[in-house]
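Undergrad: I have a structure here, written as structure tokens, and I will follow up with some questions on it.
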Amino acid sequence: MTAPQLTIVTSTDWHDYELLDSGNLKKLERFGEFRFIRPEPQAMWQPRLDSDAWVADGMFRPDKNETDNNDSGGWRLSKNLPDSWQMRYQDLRFLARPTPFRHLGFFPEQAAHWNWCADKIQHFQQKHDRRPRILNLFAYSGLASLHAAATGAEVTHVDASKKAIAQAFENRDVCGLQHAPIRFITDDASGFVARELRRQRTYDGIIMDPPKYGRGPKGETWRIEDDLRPLLQHTTDLLSQDAVFLLLTIYAIRASSLAAHYALEDTLKDRHGQIDSGELAIEETALNEQTTRRYVSQANFARWAAY
């Protein structure tokens, strides 16, 4: 038996986002017309651009006592930077804004997964002549849900944060998808999945993007090392007979994509289909004839597809 073939997955469809350069444990990015410098522990190399190119409208400074499990710190922002601004990916419009946790309200590398899900959704529609029912757990600001709904899916969007749900509503309105078939639910993921099992509801595709740590709206606690495996086992029980995919993304824990691969393989051993795994990455644009393409890894993933 051979080991899993691990792949690097990235999106080349961005126009409003760009990784301009990276190095010295930082990355220089463009979000729309604005530039930002953020910490990047993966960037253990030298920048390719000169230091005078590293000017930005916002810079995130982590706390001095920051550990791998702490995203705390603060922004130093230009006075000309608006509170939020509109961005676009394909036909999807949404808002970007600096958050207290170093990101800007979405994760650009996830666009590769939006495209992958869209292909599966379209294939499902052609085969079954109906909208697939998609469950998005830990759904955050809603871009995966909105992209799936715009492609033709019926989406259930679940997140424990009321603030995240509010951002998802904002993005829905910016997209003009107020009438799209999306249920927005503020709930603990494990509790929601348990109730859906009791209701005997099923889904044709499931997206999971769990955090390292978290709390539900009623004080429920989440720790990925302890809680992912039982949630994954219960979630796979929600897959319908016609199910077409299950996608798992894991950020910022000390585990390789092999961990995600084998966790998915273990829980889907009775399902026909294929599992692939690897790293979500962003391609750097600081490239000339003397340099090779450079990618910054952002997350591990594993995904199952029925066909």
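Undergrad: Per q in 0.11, 0.12, 0.13 1/Å, what log10 I(q)/I(0) does a Debye calculation on the alpha-carbon atoms of region 167-307 return?
TA: Rounded to two decimals, the profile gives -0.52, -0.62, -0.71.
Undergrad: Pick out which of P181, P230, P47 has the largest mean-square fluctuation in a Gaussian network model of the chain, springs linking Cα atoms closer than 10 Å.
TA: Its mean-square fluctuation being the largest, the pick is P230.
Undergrad: For the pairs K64/K218; K27/K212; K163/K218, flag any whose C-alpha to C-alpha distance is greater than 24 Å.
TA: K64/K218
Undergrad: Still on this model: K162: which aspartates and glutamates have alpha carbons under 19 Å from its alpha carbon, excluding same-chain residues fewer than 8 sequence positions away?
TA: By straight Cα distance, K162 reaches E170, D173, D187, D188, D209, E220.
Undergrad: Region 5-69 to region 189-248: how many Å between their Cα centroids?
TA: 31
Undergrad: If a/c stays under 1.5 just call it rounded; otherwise compare a/b with b/c (prolate if a/b is bigger, oblate if not). Do that for region 92-220, with a ≥ b ≥ c from the square roots of the Cα gyration tensor eigenvalues.
TA: It comes out oblate by the Cα gyration axes.
Undergrad: Follow-up question, since we're still on this one. Within straight cross-link reach of K79, meaning Cα distance under 16 Å, which aspartates and glutamates are found once same-chain residues fewer than 8 apart are removed?
TA: By straight Cα distance, K79 reaches E33, D57.
Undergrad: Run the simple label-point estimate for N80 and E265 please: 7 Å along Cα→C-beta, distance reported in nm.
TA: Taking the two extended label points, one gets 5.3 nm.
Undergrad: Work through the residues other than H15 whose Cβ is under 13 Å from its Cβ and net out their charges, Lys, Arg +1 and Asp, Glu -1.
TA: Residues close to H15 contribute a combined charge of -2.
Undergrad: Percent relative contact order of the chain, based on C-alpha pairs within less than 8 angstrom and at least six residues apart?
TA: 17
Only the coordinates and a few stated rules stand behind these numbers; no lab work does. Values in this document were obtained by computation on a predicted structure and should not be read as measured data. With ideal geometry, Cβ positions are generated from the backbone for all residues, glycine too; neighbour counts draw on all protein chains shown.
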